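S.K.: Pasting in a structure now, in structure tokens, and then I'll have a few things to ask.
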Amino acid sequence: MKDIAKEANVSIMTVSNVIHKRKSKVSEKTEKKILEIINKYNYTPNMSARSLVNNSSKLIAFILYQNRKGERNLFENPFNTEVLAGVDKVLKENDYYLLVQSVSTLEEIYLIIKTWRTAGVIILGILPNEVSHLKENIDTPIVLIDTVTPNEAGVYTVGIDDRNGFQIATEHLIANGHKNIGFVSYSQILGGVDEQRYLGYVDVLKAHHIEINENLLFRYNKDKMNMDTFSDEIVKKKDFITGLVFTADFLAIEVMDSLKNKGIAIPDDISVVGFDNLSISQFTSPKLTTVHQDITTKGQEAAHILLKVLMEKETELSGINLPVHLVERESVKNIDFEK
């Protein structure tokens, strides 16, 4: 940088402003001159060295956490990649760099942060009972996505009202004449968003004086069964089910495809409501009725909060809950209308 500044006849700070795209502090003519010299020498800033000298880093870790080894590759799920897209957009705009990693233990998270000297971390998938342990072992700012957490100083959260979202999903089926409604989720996780969504399902059934039927609760664990075997469990009970609510669109789409191959028509035989409103949900056949949450915005808000904490050193507890709403498409049949 000294050599570039000398050749351009400017200060080192001016070169730094150009490298970090602080254009308001440099004239267009000077910027062009410095960029030409940078290109001539093929100069690239050594970010690792800089972080050691300044005891700071421009690297943010985005962690996909799943504490169940052997289950689905987390990058297969479009929900995770849509969240990541939001995080990436904001960090790029603010000249931060992104480290992406999937892990299955808290210890892996600690090792990543220590090894890479990250300025902060955004984590998707931490359970409430793990937050205190996480906080005790990480001294960089933490933003959690989709973690229903108790008040924990220095921990920032972005989520939705999952319970209310599932009340909306279940009410939609009841409004269309359904009373025998099954609940479908991934393998049971106490304290996570799936539990909140289950509570929303229970709230609505109780409000309509519908008995909770344990036989209509379906939990998919890829580690223990394949989708074909899992959907067979639903087929066995199809005469007792008119509708299904799913905790995730991705799971709903997989099950719909499997049921179709087994001769079960959606929504003529079974109605389906998903959750997330993934981009692909509008391209299924039939198109999936689902509860919308702005997934990309979740990632953007998480990144905005983290950058604000890094820049302003905020320590107050901060949480954001984004709104949800129903998107009606083609996967729910009004069985009252038939009658």
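The values are calculated or read from the model by the stated rules, or taken from the named source; none is laboratory data. Predicted, not measured: the structure shown is a model, and the values here were computed from it. Positions of Cβ are backbone-derived with ideal geometry, glycine not excepted, and every protein chain shown enters the neighbour counts. All accessible areas refer to the heavy atoms of the entire protein, side chains included, with ligands and DNA or RNA removed. Shrake-Rupley method; radii C 1.70, N 1.55, O 1.52, S 1.80 Å.
S.K.: If one takes the longest principal axis of the Cα atoms in the chain, at what angle in degrees, from 0 to 90 and to the nearest 10, does the Cα axis of helix 227-236 lie?
M.R.: That works out to roughly 30 degrees.
S.K.: Picking from His209, Ile12, Gly125, whose Cα lies most toward the positive end of the charge dipole for the chain (charges on Cβ: Lys, Arg +1; Asp, Glu -1)?
M.R.: Comparing the listed Cα positions along the dipole, Ile12 ranks first.
S.K.: How much length is gained if the chain between Lys179 and Ile335 is pulled fully straight, taking 0.36 nm per residue apart and subtracting their Cα-Cα distance, in nm to one decimal?
M.R.: 55.1 nm
S.K.: What ratio of Cα Rg to 2.2 N^0.38 Å holds for segment 136-175?
M.R.: Details: Rg = 15.2 Å, N = 40, 2.2 N^0.38 = 8.9 Å.
For segment 136-175, the normalised Cα radius of gyration comes out at 1.70.
S.K.: Kindly provide the pair-distance distribution of segment 95-177 built from C-alpha pairs, with 10 Å bins from 0 and whole-percent values in order of increasing distance.
M.R.: Distribution as computed: 14, 43, 22, 13, 7, 1 percent.
S.K.: Accessible surface of Phe240 in the full protein assembly, 1.4 angstrom probe, to the nearest 10 Å²?
M.R.: For Phe240, the solvent-accessible surface is approximately 130 Å².
S.K.: What does DSSP give for the chain in terms of the percent of beta bridges that are antiparallel, rounded to the nearest 5? Before the final figure, lay out the partial values.
M.R.: Working: 4 of 44 bridges.
Counting DSSP beta bridges with both partners in the chain, the antiparallel share is about 10 percent.
S.K.: Moving on to the next point. Run the 1.4 Å probe and let me know the accessible area of Thr149, rounded to the nearest 10 Å².
M.R.: 40
S.K.: Once the whole set of protein chains is in place, how much accessible area is left on Met13, using a 1.4 Å probe, in Å² to the nearest 10?
M.R.: 120
S.K.: Now, a different point. How big is the dipole moment of segment 84-203 about its Cα centre under a simple scheme where the beta carbon of each Lys and Arg is +1, that of each Asp and Glu is -1, and everything else is neutral? Debye, nearest 20, please. Working shown, then result.
M.R.: Values: 8 positive and 16 negative charges, 34 e Å.
The dipole of segment 84-203 has a size of about 160 debye.
S.K.: Right, here's the next one. In the set (i) 5, 24, 33, 26, 9, 2, 0; (ii) 5, 22, 27, 19, 13, 8, 4, 1, 0; (iii) 5, 21, 28, 24, 15, 5, 1, 0, which value of P(r) over Cα pairs in 10 Å bins from 0, in percent was calculated from the structure you see?
M.R.: (ii)
S.K.: Quick one: compute the contact order of segment 59-159, relative version, from alpha carbon pairs under 8 angstrom and 6+ residues apart, as a percent.
M.R.: On the way: 149 pairs, mean separation 31.5, N = 101.
Reported relative contact order: 31 percent.
S.K.: Sticking with this one: Suppose all protein chains stay in the model; what accessible area per residue would a 1.4 Å probe give for segment 191-309, in Å²? Walk me through the numbers before you get to the answer.
M.R.: Numbers: 4960 Å² over 119 residues.
For segment 191-309, the per-residue accessible area is 42 Å².
S.K.: Compute the acute angle (0 to 90°) between the alpha-carbon long axis of helix 295-312 and the principal axis of greatest extent of the alpha-carbon atoms of the chain; round to the nearest 10°.
M.R.: Between helix and principal axis, roughly 40 degrees.
S.K.: OK, next. With a 1.4 Å probe and all protein chains kept in place, how do Glu82, Glu36, Glu195 rank by accessible area, largest first? Show your work: numbers first, answer last.
M.R.: Working: Glu82 35, Glu36 110, Glu195 60 Å².
Heavy-atom accessible area, descending, gives Glu36, Glu195, Glu82.
S.K.: Still on this structure, I have one more. At 222 nm, what value in deg cm²/dmol follows for the chain if DSSP H runs of at least 4 each add -39500 (n - 2.57) and the sum is divided by all its residues, to the nearest 500?
M.R.: For the chain, the value works out to -13000 deg cm²/dmol.
S.K.: Can you give the Rg and Dmax of segment 91-249 based on its C-alpha atoms, in angstrom?
M.R.: When restricted to the Cα atoms of segment 91-249, Rg and Dmax are 19.3, 56 Å.
S.K.: Output the Kirkwood hydrodynamic radius of segment 171-295, Cα pairs only, in Å rounded to one decimal.
M.R.: Details: mean 1/r = 0.0682 Å⁻¹.
After inverting the mean inverse Cα-Cα distance, the result is 14.7 Å.
S.K.: Helix 106-116 versus the longest principal axis of the chain: what angle, 0 to 90°, nearest 10, using Cα atoms?
M.R.: Rounded to the nearest ten degrees, it is 20.
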